[in-house]
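Report on one structure; see the data block that follows.
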Amino acid sequence: MLSFGSPFISHSPEETIAKGRELAQRLTPPVLVLLAGELGSGKTTFTKGIISGLGAAEENEVTSPTFTLVHVFQHRAALDGPTAPASSVSPALKDVKNMEYAVAPPLKIYHVDLYRIEGFADLETLGLEDALSESAIVIIEWPERFSLRSDWPRISARLDHLEGDSRRITISEPFLSENGAIKAPNRP
């Protein structure tokens with residue numbers, strides 16, 4: 001069970017991925033997921049769980065964007081389920097012709113590695129302002145180098161390498177909606 005504020009000890013990469021999958025089930029865009037920790041602490045392994053848990057890629061397709069700096073994943077979810085027949089589509093969408101099932105707008109997930117970013121000028125070259133202008137989930141490794149302003153809700157996770165394959169994962173207390181999803185607070 002995902003617990004905010006209390007450390008979780010993972011004893012294997014599989015447990016770290018599973019914890020990322022648990023967090024994924026609580027994420028509602030737009031949200032920034034900030035992953036802190038030293039090199040080798042498991043940030044990318046945790047991200048494999050988040051992205052695969054969101055249905056945007058298989059775990060083996062998620063790699064560290066250390067040299068490319070940003071990987072973009074996209075998932076198109078059906079509104080009424082992955083194989084909803086046309087008869088179950090909401091009446092407002094029935095005007096669409098030849099539709100097997102209605103789909104929601106694609107969910108974009110950005111996986112960003114800021115390890116090689118040395119200053120604001122480098123950060124600007126990544127085009128993250130574009131990512132922050134749409135409803136997306138943006139996962140950032142090395143968030144201490146992220147200096148762009150955003151009023152998006154944030155959730156932070158700290159990963160610490162203990163020994164061998166063991167990691168301590170501490171996830172901050174986010175703003176939660178009534179259904180437990182992480183989302184932005186209502187603003188006047």
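The values are calculated or read from the model by the stated rules, or taken from the named source; none is laboratory data. All figures in this text were calculated on a predicted structure; none of them were measured in a lab. Backbone-built Cβ (ideal geometry, glycine too); neighbour counts: all protein chains shown.
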Only one of G164, G180 that is loosely packed, with under 12 Cβ neighbours inside 10 Å, part of a loop (DSSP other than H, G, I, E, B) and either modelled with pLDDT of 90 or more or in contact with a strand residue (DSSP E or B) (Cβ under 7 Å, 6 or more places away or on another chain) (or both): G164
Criterion violated by P105 - all others in (1) over 14 Å from the mean Cα position of the chain (by Cα); (2) within 23 Å of G20 (Cα to Cα); (3) modelled with pLDDT of 50 or more; (4) part of a loop (DSSP other than H, G, I, E, B) satisfied: (2)
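For region 45-62, give me each residue that is in a loop (DSSP other than H, G, I, E, B) and hydrophobic (A, V, I, L, M, F, W, C). Walk me through it before giving the result.
The first filter runs over region 45-62 and keeps only residues in a loop (DSSP other than H, G, I, E, B), leaving 54-58, 62.
Across region 45-62, the qualifying residues are L54, A56, A57, V62.
Quick check on region 43-57. Is at least one of its residues surrounded by 14 or more Cβ atoms within 10 Å (Cβ to Cβ), over 14 Å from the mean Cα position of the chain (by Cα) and of a type in the set (S, T, N, Q)?
In the first step, residues of region 43-57 are kept if they are surrounded by 14 or more Cβ atoms within 10 Å (Cβ to Cβ); the result is 43-57.
Within this subset, residues satisfying the condition of being over 14 Å from the mean Cα position of the chain (by Cα) are none.
Checked against the condition, which is being surrounded by 14 or more Cβ atoms within 10 Å (Cβ to Cβ), over 14 Å from the mean Cα position of the chain (by Cα) and of a type in the set (S, T, N, Q), region 43-57 yields no hits at all.
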Residue match in region 139-155 (condition: exposed (fewer than 14 other Cβ atoms within 10 Å of the Cβ), modelled with pLDDT of 85 or more and not charged (D, E, K, R)): no
Hits in region 9-28 (condition: under 14 Å from H111 (Cα atoms) and either in contact with a Pro (Cβ under 7 Å, 6 or more places away or on another chain) or of a type outside the set (A, V, I, L, M) (or both)): G20
Enumeration of residues in region 24-59 that are farther than 20 Å from L159 by Cα and in contact (Cβ under 8 Å) with a residue 12 or more places away in the chain: T28, P29, P30, L54, G55, A56, A57
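Under 28 Å from L123 (Cα atoms), surrounded by fewer than 21 Cβ atoms within 10 Å (Cβ to Cβ) and in contact (Cβ under 8 Å) with a residue 40 or more places away in the chain: which single residue out of S3, S64 fits that description? Lay out the reasoning, then the answer.
Numbers: S3 fails: under 28 Å from L123 (Cα atoms).
Just a single option satisfies the conditions, and that option is S64.
Is one or more of the residues making up region 123-137 in contact with a helix residue (DSSP H, G or I) (Cβ under 6 Å, 6 or more places away or on another chain) and modelled with pLDDT of 90 or more? Before you say what the answer is, go through the steps one by one.
Residues of region 123-137 that are in contact with a helix residue (DSSP H, G or I) (Cβ under 6 Å, 6 or more places away or on another chain), as a first pass: none.
No.
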